[in-house]
1. Add +1 for every Lys or Arg and -1 for every Asp or Glu among the other residues with Cβ under 10 Å from the Cβ of A47, and state the total.
2. Of A125, A56, A198, which has the largest mean-square fluctuation in a 10 Å C-alpha GNM of the chain?
3. Taking only Cα atoms and a 10 Å spring cutoff, compute GNM fluctuations for the chain and point out the largest among D115, D268, D202.
4. Using a Förster radius of 51 Å, what is the FRET efficiency between R66 and Q112 based on their Cβ-Cβ separation? Nearest 0.05, please.
5. How big is region 1-96 along each principal axis, measuring the range of its Cα positions in Å and listing the largest first?
6. Tilt of helix 36-48 relative to the longest C-alpha principal axis of the chain, in degrees (0 to 90, nearest 10)?
7. Give the share of C-alpha pairs in each 10 angstrom bin for region 10-58, from 0 to the last occupied bin, in whole percents, shortest bins first.
8. Counting other beta carbons within 10 Å of each residue's own, what order do I200, I21 fall into, fewest first?
Amino acid sequence: MNRILTDLLAHLDLEKIEQNIFRGESRDIGTPSVFGGQVLGQALSAASRTIEDRPAHSLHAYFLRRGDVNAPIVYEVDRARDGKSFSNRRVVAIQHGKQIFNMTASFQFEEQGLDHQASMPDVPAPDELCDITEIQFGDMGKLPEKIRGFLQNPRPFSVRPVSEAGGKADNIEPVKYVWMKSVDPLPDDSQLHKVLLAYISDYQLLGTATLPHGDLRTLRGRLQMASLDHAMWFHRSCRVDEWLLFTYDSPSASGARGLARGQVFNEDGALVVSIAQEGLIRLRD
């Protein structure tokens, strides 16, 4: 298996310290602080370690403080409820003695019921698109070192963006489509695939809310962006080592915050996950 992907699986597989207490290592992937998807994935992994007979169907999380990439994160799990069909877990992530994140996750015994879904957008197939590492981002030498590293470094997922909706540079529709899958096959572990979905669900999502507002590189040093809250609903099982289409849109940005929504489809057109996130988008004087 690809070394980068192996390392990701290792740091999502938490160390058990005590009953309901786990510890995860942090990784510097080129973002200013701990990648939000890492904390989402590790928190869902911690909650899942306390559940045996039912998969996760939703999570709701808040990012409270920036994470330090040079320090581990401790996850405390509260077994809030175990019912006949549903289980609920609350997870608190702690670093340097302070809460940096909290999450509630719900798990359900698998059942059959009514079934309908939204339609998958008509976009080019992943085989018709270039990987993000093959796309030129203008003069890379002018970008900050961390951003250059984030764009150029090897990564555990293949990412193939579909061109954004047309429009002038300062009037692009807040819509984005991205195909993603792991670079190598993964084990047949449905909960692992959900943890990895949580990990990549934070990638490129909030940026959708900035698309109508021009080239943000001109605002470098003035623009502050950070995830505030994040929600996911797992509708149907899927594999992260097969192509998934992430469709993003942003219905609103105001009050120094932006809202972004996502739907994830497999190649057969099944809607597997829905996502919503509000984030800070602040212009400093």
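1. Overall, the nearby charge balance is +3.
2. Among A125, A56, A198, the largest mean-square fluctuation in the Gaussian network model of the chain belongs to A125.
3. Comparing D115, D268, D202 in the GNM, the peak value goes to D115.
4. Here the calculated transfer efficiency is 0.75.
5. Reported extents, whole Å, longest axis first: 43, 33, 25.
6. 10 degrees
7. With 10 Å bins starting at 0, P(r) equals 24, 49, 23, 3.
8. I21, I200
Bear in mind that the values in this text are calculations on the coordinates, not laboratory data. Computed from a predicted structure; not experimentally measured. Cβ coordinates were reconstructed from backbone atoms using ideal geometry, including for glycine residues, and neighbour counts include every protein chain displayed.
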